[in-house]
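Just dropping this structure here.
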Ligand code: MRU
């Protein structure tokens, strides 16, 4: 998508430098900085410390990490170690493990001298596939928005609500939850997006930055506002992303998603989840019991970062010194609260039967 009129993906391989370039998202929306990853340690830190974030983007970055490692030393021991180190960076989003397993399965049978080039080709393939999957999710989600638009008086926008950032910078391009929004906007359908701030890291500010860059009307709201807006008939449709969805359609996503789903259910607001197939964990069924939830640093809760009146990026503490915190980064929304899953193959019910109908080869 575009930044200041230029098209970017959230990562790209620089052919001249033979190195991966990423957008360092820690500085957004205040500053747009590009970072080059030059060691396996750089890749691990970039994922763990959230220079890159969002389930699909973590997966693509890990694939390039494997390629980096294989170009350095294509032996079995190094492949195993790179898999291990990258896999340890973040526990919840399954795309990371999915990409690493895919790389290992493709590279292990090859003789070491062929692994470096093959790993890089595979990383490119995973990145390109992600773009295509998200574009197709957008086409299916667009239909939902179009149907609601038909019920509106002329010119009145379809009002969406989203949580966290499931936008183009959380993927390689398009985003998952935002892809239908971009496509609706491009098709001339008026929309307005309520953007949850998504404490503690305020990924909503990233979503606002993205939507603003594309001229999509939106309002940044506090995390607690969504239920009130739904009660007052101000939300037509909720679309969120997901970091891991089980084979029975339980959805793990950024902390606070579950509360939005409860409020949506209570107010008969359709609650959809944009789900690329690499985010489905076919090995697990009960999301609440089986998905590991990342517990993050307390500084994310006690401090906030923004731009001060001098225009400098600054971090301040918002709690009394020494206050204890809890910082679970994700929660699980049980399938009964999810109206439907928007995948690249179409929309299905959030259930084992629904997912099996679209991905019969996986069951
Ligand atoms: O902790 P983050 O910022 O990596 O969490 C991201 C989310 O929870 C997104 O909603 C999810 O990955 C879907 S991204 C397309």
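The values are calculated or read from the model by the stated rules, or taken from the named source; none is laboratory data. On a predicted model such as this, the values are computed, not experimentally measured, just so you know. Virtual Cβ from ideal backbone geometry, glycine too; neighbours counted across all protein chains shown.
All but one of (1) touching a residue at least 24 places away in the same chain (Cβ under 8 Å); (2) within 16 Å of the ligand (Cβ to nearest atom); (3) crowded, with 19+ Cβ neighbours inside 10 Å hold for residue 97; state the number of the condition that does not hold.
Here residue 97 meets the rest and fails (1).
Mind checking which residues of region 275-319 are over 30 Å from residue 125 (Cα atoms), buried (at least 17 other Cβ atoms within 10 Å of the Cβ) and in contact with a strand residue (DSSP E or B) (Cβ under 9 Å, 6 or more places away or on another chain)?
Result: 296, 302.
Listed here are the residues, each with its yes/no results for (1) at pLDDT 95 or above; (2) surrounded by fewer than 20 Cβ atoms within 10 Å (Cβ to Cβ); (3) outside any helix (DSSP H, G or I).
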{"position": "110", "(1), (2), (3)": "yes, yes, yes"}
{"position": "122", "(1), (2), (3)": "yes, no, no"}
{"position": "127", "(1), (2), (3)": "yes, no, no"}
{"position": "135", "(1), (2), (3)": "yes, yes, no"}
{"position": "143", "(1), (2), (3)": "yes, yes, no"}
{"position": "154", "(1), (2), (3)": "no, yes, yes"}
{"position": "174", "(1), (2), (3)": "yes, no, yes"}
{"position": "180", "(1), (2), (3)": "yes, no, no"}
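Kindly establish whether residue 40 is more than 16 Å from the ligand (Cβ to nearest atom), in contact (Cβ under 8 Å) with a residue 40 or more places away in the chain, outside the structural domain of residue 174 (by TED's automatic domain parsing) and in contact with a helix residue (DSSP H, G or I) (Cβ under 8 Å, 6 or more places away or on another chain).
The answer is yes for residue 40.
Shifting gears a bit: Return only the number of the condition from (1) touching a strand residue (DSSP E or B) at 6+ places or on another chain (Cβ under 9 Å); (2) over 22 Å from residue 260 (Cβ atoms) that residue 164 does not satisfy.
(2)
I'm trying to understand the selection: among the residues of region 182-198, which are in a loop (DSSP other than H, G, I, E, B) and within 17 Å of residue 240 (Cα to Cα)?
Answer for region 182-198, where residues must be in a loop (DSSP other than H, G, I, E, B) and within 17 Å of residue 240 (Cα to Cα): 197, 198.
Just the residues that are under 30 Å from residue 233 (Cβ atoms) and either within 13 Å of the ligand (Cβ to nearest atom) or in a strand (DSSP E or B) (or both), please, taken from region 262-303.
271, 272, 273, 274, 275
How many residues are more than 9 Å from the ligand (Cβ to nearest atom) and over 11 Å from the mean Cα position of the chain (by Cα) when one looks only at region 160-178?
Going through region 160-178 one residue at a time, the tally reaches 2.
Let's see how each residue does on (1) surrounded by 21 or more Cβ atoms within 10 Å (Cβ to Cβ); (2) within 13 Å of the ligand (Cβ to nearest atom); (3) closer than 24 Å to residue 98 by Cα:
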site	(1), (2), (3)
185	no, no, no
189	no, no, no
212	no, no, no
222	no, no, no
239	yes, yes, yes
245	yes, yes, yes
249	yes, no, yes
